[in-house]
1. With the structure loaded, tell me whether residue 122 is in contact with a helix residue (DSSP H, G or I) (Cβ under 9 Å, 6 or more places away or on another chain), surrounded by fewer than 24 Cβ atoms within 10 Å (Cβ to Cβ) and over 18 Å from residue 366 (Cβ atoms) or whether it fails that test.
2. Could you please find all residues in region 44-83 being surrounded by 20 or more Cβ atoms within 10 Å (Cβ to Cβ) and not in a helix (DSSP H, G or I)?
3. Among the numbered criteria (1) in contact (Cβ under 8 Å) with a residue 24 or more places away in the chain; (2) over 24 Å from residue 286 (Cβ atoms); (3) surrounded by fewer than 19 Cβ atoms within 10 Å (Cβ to Cβ), which one does residue 332 miss?
4. Kindly evaluate residue 254 against the criterion of being touching a helix residue (DSSP H, G or I) at 6+ places or on another chain (Cβ under 6 Å), farther than 24 Å from residue 352 by Cβ and free of Cβ contacts under 8 Å to residues at least 40 places away in the same chain.
5. Regarding region 208-216, can at least one residue be identified that is under 22 Å from the mean Cα position of the chain (by Cα), part of a helix (DSSP H, G or I) and either modelled with pLDDT under 90 or within 17 Å of residue 33 (Cβ to Cβ) (or both)?
6. Name the single residue that is farthest from residue 340 (Cα to Cα) among those in region 165-174 being at pLDDT below 80 and surrounded by fewer than 21 Cβ atoms within 10 Å (Cβ to Cβ).
7. Going by what's in this entry, would residue 99 be described as assigned to a helix (DSSP H, G or I), out of contact with any Pro (no Cβ under 9 Å at 6 or more places or on another chain) and of a type outside the set (Lys, Arg)?
8. Name the single residue, out of those in region 290-299 being hydrophobic (A, V, I, L, M, F, W, C) and buried (at least 18 other Cβ atoms within 10 Å of the Cβ), that is nearest to residue 242 (Cα to Cα).
Amino acid sequence: MVVDWACTRHPDGTIHRTRLILRKPPKIPLLTVLISSSAIAYNLFLPSMPDIGLVFGVSIFTVQSTLIAFLVAYALAQFFYGGVSDRFGRRPTLLWGLAIYVIASLLCAFSTSITMLLLARILQGIGAAGSIVMVRSIVRDLFDRKDSARALAVISTVMVFAPATAPAIGGYLHIHFGWQSSFFALAILGTVLFVYCALRMAETNRPAHADFISNLRAMIQGYRVLIGERSFIAYNLNIGFIGGAIFAWFAGVPIVLIDSYGVAPDTFGYLMLTATSGAFCGYGSAIWLTGKLGVNRMIVLGTSIGMAGATLYLVLPLMGIFTPVAAISPIFIFNVGLAMTFPNVMAAAVSVRPEYAGTAAAMNGLMQYGMAAITTLIVGLLPHVTHLPLAWVIFLSQLAAFAASIVGWRARPQE
């Protein structure tokens, strides 16, 4: 708890102090809203994409490039946020990220060309990255390894729900208020969070004050130390390959279901929710089982379940089954495993060297969303007549994640 005071000197020389602001460490609800604001920035405007193409006179593929631009910026920016927050504090780093987020969202809304929108989306990705890195770092500041996994499981449950429902909310806003409304909504949300965090959130990481050169050297040292940790590399790769698999599905399945399998757009939204609901089962299991099994066993168990879902997703089209159910239902199983893995592997990664928790969270984000950008691009280049090419991308990504989980477990079997 931090209290700011205003000091007033009276004519007689006495000093009177007045309490101005009471700041407290952030609670789970605030962290959940922060990470959700970051997640929905990616896809809230999806229903507006056809109209954006018409307004600016460009193809839908050109409009889709704003998704990849966001992801690339989102990934690269996380690499820097963590090290900065380790040296300068979580609170100022978060506030800078939120400020960029708000400005970029307004620039998106006021875009007069696809080029301006593309550049604004890059800036928006940079701003949104601050929230996700700071939330993961703050959780590590406030909780130990196992409690971090439980806290991240609670936060991640909402994080999965937010982007799953964002297109439905974006569609409502688009129909009633136009394509710019999604970006105005993000700007309003970011402004509210900025004001609240500026007034009420206390710092959770008290950095050692030093000159700029010393801080820069310490940041670089953090990256070197983590790269030298075999277990951290395994956890980091696990995060990246799982993230790549699920984002490949997000990018590819709408085209396959709507264009090739004839699913109506509104029905597609309900099918998406059905598949992502597996994550709720997984996160519930993670909250309950982590304390019993330990973090590394949960990572192996989760990636094994995810591997089963990815294998089924590939086997069905190889058997000649090309239906909407075959393109959706195995992902329910995959998401159960993903949700059991993610909070544990994130908690494990930032716990390898706790003094570099922010740096670790940043490197995790870089790997996760960097791989997401790569698999999204790969899926866009593959044929979409059936979901078989998409199934291969998901299977191979999850196979790599499973291999990484085994390496991580062998490096730290006692945890």
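The values are calculated or read from the model by the stated rules, or taken from the named source; none is laboratory data. Every value quoted in this text rests on a predicted model; they were computed, and no experiment measured them. Virtual Cβ from ideal backbone geometry, glycine too; neighbours counted across all protein chains shown.
1. Details: in contact with a helix residue (DSSP H, G or I) (Cβ under 9 Å, 6 or more places away or on another chain): yes; surrounded by fewer than 24 Cβ atoms within 10 Å (Cβ to Cβ): yes; over 18 Å from residue 366 (Cβ atoms): no.
So residue 122 fails the test.
2. Answer for region 44-83, where residues must be surrounded by 20 or more Cβ atoms within 10 Å (Cβ to Cβ) and not in a helix (DSSP H, G or I): 44, 45.
3. Tallying (1) in contact (Cβ under 8 Å) with a residue 24 or more places away in the chain; (2) over 24 Å from residue 286 (Cβ atoms); (3) surrounded by fewer than 19 Cβ atoms within 10 Å (Cβ to Cβ), residue 332 fails exactly one: (2).
4. Details: touching a helix residue (DSSP H, G or I) at 6+ places or on another chain (Cβ under 6 Å): no; farther than 24 Å from residue 352 by Cβ: yes; free of Cβ contacts under 8 Å to residues at least 40 places away in the same chain: yes.
When the stated conditions are applied, residue 254 does not pass them.
5. Step one: of region 208-216, the residues under 22 Å from the mean Cα position of the chain (by Cα) are none.
No - not one qualifying residue is present in region 208-216.
6. Selected residue: 171.
7. Values: assigned to a helix (DSSP H, G or I): yes; out of contact with any Pro (no Cβ under 9 Å at 6 or more places or on another chain): yes; of a type outside the set (Lys, Arg): yes.
Judged against the criteria, residue 99 is a match.
8. Just the residues of region 290-299 that are hydrophobic (A, V, I, L, M, F, W, C), to begin with: 293, 295, 298-299.
Checking the rest, the ones that are also buried (at least 18 other Cβ atoms within 10 Å of the Cβ) come to 295, 298-299.
Values: 295: 17, 298: 15, 299: 12 Å.
Once the filter is applied, the top-ranked residue is 299.
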